[in-house]
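A short write-up of the structure that comes next.
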Amino acid sequence: MPKAKESEAQEEGLPKWAEEEIKSAQFGEPGVTTRTGYILEIYEKDSRLDIQVYESMPDGRVIIEGINLPKSTKLNDLLKGFVYEFKISVYTAPLSNKVVELLKTKFGLDMKAIYNFEIKELTLMDVESDLPTPSSSEDEGDD
């Protein structure tokens, strides 16, 4: 690759100092957030899920990919597309003002921290019990 193209490619990515800061970010003690949503995908091999939540997470996202599950979770009991209540540990690692400014000016990202999420516990919600039962409509039209 010609030198001009090589330096152009390097300029498109993160500078080394910013990459190092992001890689070595120190996460603080987690806070716990409760959200309702549903499972999009189950990764049995890695004991992870992709989930979508109805209320956005602290960083604004509503889809979390590859979120860790507690070891005690029985993967066979999980159901895709059903509503769950998720208790999620939220780990935050703040970024320096220099990196925040770089991300904003060079990449158009408004990002002040890096987040990591882990499911602490999940409970299947009983949302279908509000639906009318089939037996309530059977009494009609017996004249």
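The values are calculated or read from the model by the stated rules, or taken from the named source; none is laboratory data. These numbers were taken from a predicted model, which means no experiment stands behind them. Cβ placement follows ideal geometry from the backbone for every residue including glycine, while neighbour counts extend to all protein chains displayed.
Under 6 Å by Cβ, and 6 or more places apart or on different chains, what pairs join a residue from the stretch 78-106 that is more than 25 Å from ILE67 (Cβ to Cβ) with one that is modelled with pLDDT of 95 or more and assigned to a helix (DSSP H, G or I)?
Every condition considered, no pair remains.
Just one of LYS5, LYS16 is modelled with pLDDT of 90 or more and loosely packed, with under 13 Cβ neighbours inside 10 Å; which is it? Steps first, answer last, please.
Working: LYS5 fails: modelled with pLDDT of 90 or more.
Matching residue, one of LYS5, LYS16: LYS16.
Which residue, of GLY60, GLY66, GLY37, is within 12 Å of the chain's Cα centre (by Cα) and loosely packed, with under 11 Cβ neighbours inside 10 Å?
GLY60
Say whether the condition of being buried (at least 17 other Cβ atoms within 10 Å of the Cβ) and assigned to a loop (DSSP other than H, G, I, E, B) is met by at least one residue in the stretch 91-111.
For the stretch 91-111, residues buried (at least 17 other Cβ atoms within 10 Å of the Cβ) and assigned to a loop (DSSP other than H, G, I, E, B): present.
Could you tell me whether LEU122 is hydrophobic (A, V, I, L, M, F, W, C), surrounded by 12 or more Cβ atoms within 10 Å (Cβ to Cβ), over 11 Å from the mean Cα position of the chain (by Cα) and in a helix (DSSP H, G or I)?
Numbers: hydrophobic (A, V, I, L, M, F, W, C): yes; surrounded by 12 or more Cβ atoms within 10 Å (Cβ to Cβ): yes; over 11 Å from the mean Cα position of the chain (by Cα): yes; in a helix (DSSP H, G or I): no.
So LEU122 fails the test.
Does the stretch 15-25 hold any residues that are assigned to a loop (DSSP other than H, G, I, E, B), more than 19 Å from the chain's Cα centre (by Cα) and touching a residue at least 60 places away in the same chain (Cβ under 8 Å), and which are they?
In the first step, residues of the stretch 15-25 are kept if they are assigned to a loop (DSSP other than H, G, I, E, B); the result is 15, 24-25.
Remaining after also requiring more than 19 Å from the chain's Cα centre (by Cα): 15, 24.
Within the stretch 15-25, PRO15 is the sole residue that qualifies.
All but one of (1) surrounded by 15 or more Cβ atoms within 10 Å (Cβ to Cβ); (2) at pLDDT 95 or above hold for TYR115; state the number of the condition that does not hold.
For TYR115, the failing item is (2).
Residue by residue through the stretch 52-67, note down the ones that are free of Cβ contacts under 8 Å to residues at least 60 places away in the same chain and in contact with a Phe, Trp or Tyr (Cβ under 8 Å, 6 or more places away or on another chain). Walk me through how you get there before you give the answer.
Our first condition is that a residue be free of Cβ contacts under 8 Å to residues at least 60 places away in the same chain; within the stretch 52-67, this holds for 52-56, 58-67.
Listed by number, the residues that qualify are GLN52, VAL53, PRO58, ASP59, VAL62, ILE64, GLY66, ILE67.
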